[in-house]
Amino acid sequence: MPRPLAATFCALALAACTTALPQPQAAPRPTLAAEMSLRAPRPAEGACWASQIRPAVIETITEQVLVRPETRDPATGAITGPATFRTETRQEIVSDQTPVWFRTPCDEILTPEFITTLQRALRARGLYRGLTSGQIDSATSRAISAYQTPRGLPSGTLALATARELGLIAWQNPN
């Protein structure tokens with residue numbers, strides 16, 4: 001067997017013997033929407049809540065309305081004049097604005113040390129560019145919103161679920 005042909009044969013034999021490794025699946029993005037409630041929560045010991053107004057959803061509807069129908073020649077049926085239409089646009093409210101409620105870390109947890117750790121966690125994810133001041137300032141709120149919005153909660157107020165995802169608060173066992 002000539003050398004190039006043997007090398008090709010060996011390469012094909014090796015390729016047939018190898019199995020494709022499974023590609024890692026991207027982890028699904030967590031959603032904070034599951035943590036939200038449309039009803040105001042009942043006061044509970046050790047539970048703090050915040051609300052965010054979910055804006056109304058408005059749909060724009062555009063229709064073509066017949067103003068004058070086409071005209072036809074009575075003898076031949078050929079169109080002698082085109083139809084005339086006008087465009088009408090209106091907006092309809094699909095759903096009204098509603099408050100949504102979500103759990104937040106209580107004030108006694110939001111110490112300057114905790115907030116500094118929050119700012120560092122957001123900086124590590126490329127979301128926070130301000131000073132690590134230990135204060136929730138506008139840059140911190142924007143970074144919180146940038147983290148939470150793709151997860152279903154467009155708010156600059158820190159959700160308890162976000163603090164858990166960032167590793168700032170321990171997950172509680174549901175038992």
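The values are calculated or read from the model by the stated rules, or taken from the named source; none is laboratory data. Every value quoted in this text rests on a predicted model; they were computed, and no experiment measured them. We place every Cβ from the backbone using ideal geometry, glycine too, and count neighbours over all the protein chains shown. Quick note on the areas: whole protein, heavy atoms, side chains included, nothing else; ligands and nucleic acids left out. Shrake-Rupley method; radii C 1.70, N 1.55, O 1.52, S 1.80 Å.
Miscellaneous remarks
- Accessible area per residue, Å², region 91-151 with all protein chains present, probe 1.4 Å: 59 Å²
- Cα-based shape type of region 71-175, given that a ≥ b ≥ c are square roots of the gyration tensor eigenvalues and the cut on a/c is 1.5: prolate
- Carbon and sulfur %, accessible surface of region 38-175 computed with the full protein complex present, 1.4 Å: 53 percent
- Per-selection Kirkwood Rh - region 67-125 (Cα, Å, 1 d.p.): 18.9 Å
- Overall form of region 102-158 per C-alpha gyration tensor (a/c, 1.5; a/b vs b/c): oblate
- Phi-based couplings in Hz for region 146-156 (Karplus 6.51, -1.76, 1.60; Gly and Pro marked x): 5, 6, 7, 4, x, 9, x, 10, x, 9, x
- Here the Karplus curve 6.51 cos²θ - 1.76 cosθ + 1.60, taken at θ = phi - 60°, turns the phi angles of region 109-120 into couplings of 7, 7, 7, x, 5, 4, 5, 4, 5, 4, 4, 5 Hz, with x standing for Gly and Pro.
- Pairwise label distance in nanometres, Thr132 with Ser37, each label 7 Å out on the Cα-Cβ vector: 3.5 nm
- Spacing of the two label points (7 Å from each Cα toward its C-beta) at Thr84 and Val67, in nm: 0.5 nm
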